[in-house]
Amino acid sequence: MTGSAGRKTVGVSRGLMMLCETCYSQVVGEGLTDAKHFVADFEGLLDRICPGCTDINRPLIDDMAGSGE
């Protein structure tokens with residue numbers, strides 16, 4: 001999926017991550033989100049999202065990982 005059309009968001013400590021329908025359903029279905037769709041387990045979230053969601057969220061992922069690039 002290109003761009004952000006059709007994507008849903010979940011909250012993480014540094015902002016919102018955009019996820020495709022499949023990843024969003026998996027993350028919510030596995031109980032990684034709370035009632036306000038906040039994900040406390042960032043590592044668990046990264047293990048479950050597809051390469052497309054990883055790419056679109058790369059700046060946020062790098063920021064949370066402490067990347068200096």
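For residue 47, indicate whether it is of a type in the set (Asp, Glu) and either touching an Asp or Glu at 6+ places or on another chain (Cβ under 7 Å) or loosely packed, with under 12 Cβ neighbours inside 10 Å (or both).
The answer is yes for residue 47.
In the range 52-66, which residues are without any contact (Cβ under 8 Å) to a residue 12 or more places away in the chain and within 11 Å of the chain's Cα centre (by Cα)?
54, 55, 58
Residue-wise test of (1) touching a residue at least 40 places away in the same chain (Cβ under 8 Å); (2) surrounded by 11 or more Cβ atoms within 10 Å (Cβ to Cβ); (3) closer than 17 Å to residue 60 by Cα.
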{"residue": "5", "(1), (2), (3)": "no, no, no"}
{"residue": "17", "(1), (2), (3)": "yes, yes, yes"}
{"residue": "28", "(1), (2), (3)": "no, yes, no"}
{"residue": "35", "(1), (2), (3)": "no, no, no"}
{"residue": "40", "(1), (2), (3)": "no, yes, yes"}
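A short reminder: the numbers here are calculations on the coordinates, not readings from a lab. Note that the coordinates shown come from a computational prediction; the quantities given were computed from them, not determined experimentally. Note that we place each Cβ from the backbone using ideal geometry, even for glycine, and neighbour counts take in every protein chain shown.
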